[in-house]
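The values are calculated or read from the model by the stated rules, or taken from the named source; none is laboratory data. Computed from a predicted structure; not experimentally measured. Using ideal geometry, Cβ is built from the backbone for each residue, glycine included, and neighbour counts are taken over all protein chains shown.
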Amino acid sequence: MDRPQSKLSFAMMSFMFKIRDILKPRKNVLAEFRRVLKEGGALLVNDHHVPDADIASAVSAGGLFRFTGKVAYVRRFVRV
């Protein structure tokens, strides 16, 4: 059964590689991540090649996500 794209939503998304590749075009990518996350959903980001401050700044900059913590290399952001 196919569902219309606008009806899909996820409680959690994991983005494990190459966050550095979306640092510049982040607005559209992050807006799409936010669109498909359920209210209260979490975006998990793991890229051990990019400093924490750069990831937190890149993901939080547009006001779509808020950094909530880190375990090992995994940073957790929630929808704003």
Requested in this report: Tell me, yes or no, whether region 49-65 has at least one residue that is surrounded by 13 or more Cβ atoms within 10 Å (Cβ to Cβ), within 10 Å of the chain's Cα centre (by Cα) and part of a strand (DSSP E or B).
Outcome: yes
Requested in this report: Could you please tell me which pairs satisfy a Cβ distance under 8 Å, a separation of 6+ or placement on different chains, a first residue in region 51-74 that is at positive phi and at pLDDT below 85, and a second residue that is crowded, with 17+ Cβ neighbours inside 10 Å and not small (Gly, Ala, Ser)?
Outcome: none
